[in-house]
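Q: Once you've had a glance at the structure underneath, I'll fire off some questions.
Derivation of every value follows stated rules applied to the coordinates shown; laboratory data play no part. Keep in mind the model is a prediction, meaning the values are calculated, not measured. Ideal geometry is used to build each Cβ from the backbone, glycine not excepted, and the neighbour counts take in all protein chains shown.
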Amino acid sequence: MKDLKIKTVLKEYSVKFVNDFTFVDNFLKLPYYKVVVGENVYKIYKKKIFDKFPKDKLIIIKFDEERKTLETAALIYEKFLDLEGKKNATLISFGGGINQDVTGFVASTLYRGINWILVSTTLLGMADSSIGLKTSLNFKSYKNVLGSFYPPSEIYINVNFLDSLPNEYYWSGVGEIVKFYLMRKNPLKTLKDSVRKINILSQRKNKNKITKIIKESLKIKLDYMLGDEFDQGKRNLLNYGHELGHALESCSNFDIPHGIAVIIGIIFANLAALNRRLITRKTFDYLNSQLLFPCILNSRIKLRKVFFAYDFILGKYKKDKKRVSYNLPLVYPAKNFSLTKTTDFSVDEFKNNYREFISLISPYLI
Ligand SMILES: NC(=O)c1ccc[n+]([C@@H]2O[C@H](COP(=O)([O-])OP(=O)(O)OC[C@H]3O[C@@H](n4cnc5c(N)ncnc54)[C@H](O)[C@@H]3O)[C@@H](O)[C@H]2O)c1
Ligand SMILES: [Zn+2]
């Protein structure tokens with residue numbers, strides 16, 4: 001499949017779609033580099049990939065949400081300081097969104113920016129976060145509050161990595177893809193196509209078609225991102241489902257993976273639109289039954305009632321980074337399902353919608 005060339009105000013870079021692991025051989029020729037990989041991915045792909053590298057080139061780290069920190073970044077800085085190459089060194093990351101967030105932060109800050117190659121190993125990384133330019137660290141109990149805008153020079157997408165991806169993370173990636181499909185032009189006219197593609201994803205079989213779906217998702221994201229790389233306008237709409245989604249991720253202590261939390265957030269945003277008579281009951285029900293609830297059910301994530309406690313959720317929702325006034329931030333579908341950022345979503349309106357939302361999802365809570 002053809003590369004996807006991306007021209008941002010920061011730099012031009014490309015997404016390469018590959019279908020075997022020989023692309024790694026080119027990395028061995030780089031003069032100064034280190035490979036950063038999470039423990040899980042290292043163990044699974046040791047023979048196929050990582051045994052090709054000299055041992056001193058590998059930095060193997062346990063990545064999880066609790067370790068998306070300055071301390072983990074410091075471990076990586078230290079290893080790079082030993083290299084003879086400085087500003088001309090390359091950091092090669094193999095991993096999902098967490099690895100990407102941390103290694104991107106390191107690559108953007110070490111010597112004010114070194115070369116960075118990203119190999120995405122999760123569906124969420126491949127279809128969404130890899131091209132997002134954003135790097136992030138958590139600080140104390142605050143998620144993603146440290147960060148920078150920094151693109152890799154090359155991104156590799158090889159859907160064979162998905163063979164080993166656990167079910168809940170696979171469906172987390174599908175969740176973000178569903179979001180993109182609801183952000184297409186005239187999404188209601190293309191709903192049948194979206195449902196068909198989610199069915200293809202759910203079978204986890206046809207790698208060619210899955211690669212095409214990933215490329216399509218990236219293109220939808222680019223429509224919103226290019227021209228607004230720094231999140232001042234239309235890029236904010238990519239936050240659809242993320243306001244309640246982030247609150248839920250946090251209240252579940254990250255037991256609910258990102259993309260599934262986003263799907264639940266989309267159901268909430270759609271409900272707010274329904275109650276403002278911006279979308280019809282028919283559309284609301286169709287989306288729930290054909291796209292949104294199937295993602296939640298297929299992920300087999302346990303949704304515990306305690307994750308949804310009103311005060312807990314509202315407290316987190318109020319801390320949303322995108323909040324700019326007394327009202328709460330919300331991106332939702334307005335007329336013709338065109339996404340809009342509201343500025344008048346009050347705490348009272350939140351409360352009323354939340355009550356109805358809980359009765360809607362209560363059959364799925366344990
Ligand atoms: N920077 C951005 O633009 C952006 C956008 C969206 C999400 N994110 C962040 O990404 C993170 C979530 O990313 P994610 O969904 O990719 O999950 P992840 O990076 O947490 O990876 C999920 C799990 O799968 C394992 N794993 C990864 N690839 C695997 C493979 N091929 N086979 C087997 N196991 C594998 C990992 O070790 C981990 O345990 C969150 O922290 C979120 O905030 C960042
Ligand atoms: Zn997201």
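Q: Relative to the longest principal axis of the C-alpha atoms of the chain, give the angle of the C-alpha long axis of helix 258-275, reported between 0 and 90° and rounded to the nearest 10°.
A: The two axes meet at around 30 degrees.
Q: Given the chain, what percent of its DSSP beta bridges are antiparallel, to the nearest 5? Numbers along the way, then the final one.
A: Numbers: 14 of 37 bridges.
Roughly 40 percent of the DSSP beta bridges within the chain come out antiparallel.
Q: Now for a different question. If you take the square roots of the eigenvalues of the alpha-carbon gyration tensor of the range 129-259 and sort them as a ≥ b ≥ c, do you get rounded (a/c under 1.5), prolate (a/b over b/c) or oblate? Don't jump to the answer; show the numbers that get you there.
A: On the way: a/c = 1.45, a/b = 1.27, b/c = 1.14.
Cα axes put the range 129-259 in the rounded bin.
Q: Could you pull out the trypsin sites (Lys or Arg not before Pro) across the range 89-192 that fall in loop regions by DSSP (anything but H, G, I, E, B) with no more than 12 other Cβ atoms inside 10 Å?
A: LYS140, LYS185, LYS189
Q: Would you pull out the residues with amide H under 5 Å of THR340's amide H, same chain only if 5 or more places away, H placed 1.01 Å from N?
A: TYR332, ALA334
Q: Output the peptides 358-364, 290-296 sorted from most to least packed, where packing is the average of other Cβ atoms within 10 Å over each peptide's residues. All intermediate terms of the calculation are to be shown ahead of the outcome.
A: Working: 358-364: 12.3, 290-296: 20.1.
Result, highest mean first: 290-296, 358-364.
Q: Related question: Restrict the search to the range 281-331; then list the chymotrypsin sites (Phe, Trp or Tyr not before Pro) that DSSP places in a loop and that have at most 16 other Cβ atoms within 10 Å of their Cβ.
A: Passing both the DSSP loop test and the Cβ count: TYR326.
Q: Turning to a different aspect of this structure: Set the Förster distance to 56 Å, then compute FRET efficiency between TYR111 and THR280 from the Cβ-Cβ distance, nearest 0.05.
A: E between TYR111 and THR280, to the nearest 0.05, is 0.55.
Q: If you don't mind, there's one more thing I want to ask. Divide by every residue of the chain the summed helix terms, -39500 (n - 2.57) for each DSSP H run of at least 4, and state the resulting mean residue ellipticity at 222 nm, rounded to the nearest 500 deg cm²/dmol.
A: Estimated from H runs of four or more residues: -12500 deg cm²/dmol.
Q: Counting pairs of alpha carbon atoms under 8 Å apart in space and at least six apart in sequence, what relative contact order in percent does the chain give?
A: 13
Q: Another question, if that's okay. Given a Förster radius of 56 Å and the C-beta distance between ARG204 and SER325 as r, what FRET efficiency does 1/(1 + (r/R0)^6) yield to the nearest 0.05?
A: Details: r = 43 Å, r/R0 = 0.77.
Efficiency computed from Cβ-Cβ geometry: 0.80.
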